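Reviewing the structure listed below.
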Amino acid sequence: MPRQDRLPPMQALTMFESAARLASFTAAARELGSTQPAVSQRIVQLEETLGAPLFERGHRGVTLTEDGARLFEAVRHALDTIRLATADIRARRTRQTLTLSTDFGFATYWLMPRLSQFKALMPDVDVKIITSQNVFDPSHNQADIAIAFGDEDADWTARGAVKLFPERVTPVCSPAFLAAHPQLRTPADLTTLPLLHLEPTQPARWLSWADWFAAQGLDAPAAHRGITFNSFTLVAHAAIMGQGVALGWAPLVDELLATGQLVEPVDTPVVTERGYLLVTQRAATPVIHAFRQWLLGECGLDAE
């Protein structure tokens with residue numbers, strides 16, 4: 001015995017919906033690119049499957065029976081839902097998209113405040129941002145464009161990488177923290193204060209407090225005096241909250257310094273050969289090209 005909830009064939013339901021809506025097998029055949037006998041046969045098979053007549057046949061066309069009207073309402077609703085879903089999928093597939101990969105700090109403190117400017121230039125582009133603190137691996141990164149932190153070595157150059165900013169690092173803290181420690185005037189004074197650390201990687205990817213003290217000719221204090229975070233956004237937030245002194249990377253802390261949320265207790269920046277690099281992962285589509293042009297302009301670099 002067939003299951004009572006087994007669905008009829010989709011082609012039969014489509015022909016039924018068209019015939020019911022147009023009140024004509026002939027008109028349904030014309031709409032579906034079929035023939036009147038084929039439509040009639042499918043609907044007869046559908047009626048036999050359901051065990052109930054769906055149409056009253058007449059010389060001037062067809063009208064729905066009570067069961068036919070009930071089925072028509074259900075089929076019409078289901079097909080409308082399917083049409084809306086497929087139209088949405090097609091629309092999203094045809095929309096221009098841009099997938100960007102970077103780290104938490106750059107996304108939070110540099111990119112996000114400026115992203116609305118790019119969206120204003122290209123409002124029809126869907127932008128997807130992927131953040132990670134992991135080492136950038138071009139072979140596994142699926143983004144169209146990456147803004148990665150690292151060394152501008154031969155491999156980066158071969159991939160057409162463009163350096164956006166060098167690694168420039170300076171101590172930062174909240175104004176309240178500085179006011180509470182008026183003795184803080186020189187790099188050596190930092191050795192006795194709580195320091196905020198960004199969790200190191202192996203191999204080292206960015207400047208650490210030990211590196212910064214070494215550049216000042218000083219020994220770094222024991223790490224247990226401070227707090228370590230695995231994200232620069234947490235480091236910066238802790239500094240804003242007055243939890244200690246952090247290393248601030250330009251240009252990530254530029255806005256925080258400009259608005260007075262952070263201050264530089266000592267003016268002793270350290271600059272390295274590393275920095276943020278722009279890497280294009282895909283062929284230069286118009287969207288990718290437009291984003292590169294905009295980004296280079298925002299960084300004060302000549303557009304290509």
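Of the residues in region 44-88, how many are β-branched (Val, Ile, Thr) and either in contact (Cβ under 8 Å) with a residue 60 or more places away in the chain or outside any helix (DSSP H, G or I) (or both)?
Residues in region 44-88 being β-branched (Val, Ile, Thr) and either in contact (Cβ under 8 Å) with a residue 60 or more places away in the chain or outside any helix (DSSP H, G or I) (or both): 4 in total.
So which residues in region 7-24 are closer than 16 Å to Ala69 by Cα and free of Cβ contacts under 8 Å to residues at least 60 places away in the same chain?
Ala12, Met15, Phe16, Ser18, Ala19, Ala20, Arg21, Leu22, Ala23, Ser24, listed by residue number.
Take the residues of region 162-203 that are among the polar types (S, T, N, Q) and part of a loop (DSSP other than H, G, I, E, B): which is surrounded by the most Cβ atoms within 10 Å (Cβ to Cβ)?
Among them, the one singled out is Ser174.
Determine, yes or no, whether Gly244 is modelled with pLDDT of 90 or more, surrounded by 15 or more Cβ atoms within 10 Å (Cβ to Cβ) and under 15 Å from Glu199 (Cα atoms).
Spelling it out, it is not the case that Gly244 is modelled with pLDDT of 90 or more, surrounded by 15 or more Cβ atoms within 10 Å (Cβ to Cβ) and under 15 Å from Glu199 (Cα atoms).
Collect the residues in region 209-242 that are in contact (Cβ under 8 Å) with a residue 60 or more places away in the chain and part of a loop (DSSP other than H, G, I, E, B), keeping them in residue-number order.
Asn230, Ser231, Met241, Gly242
Do we find a residue being without any contact (Cβ under 8 Å) to a residue 24 or more places away in the chain and of a type in the set (D, E, K, R) anywhere in region 183-194?
There is no residue in region 183-194 that is without any contact (Cβ under 8 Å) to a residue 24 or more places away in the chain and of a type in the set (D, E, K, R).
The values are calculated or read from the model by the stated rules, or taken from the named source; none is laboratory data. Given the structure is predicted, the values throughout are model-derived calculations rather than measurements. Cβ coordinates were reconstructed from backbone atoms using ideal geometry, including for glycine residues, and neighbour counts include every protein chain displayed.
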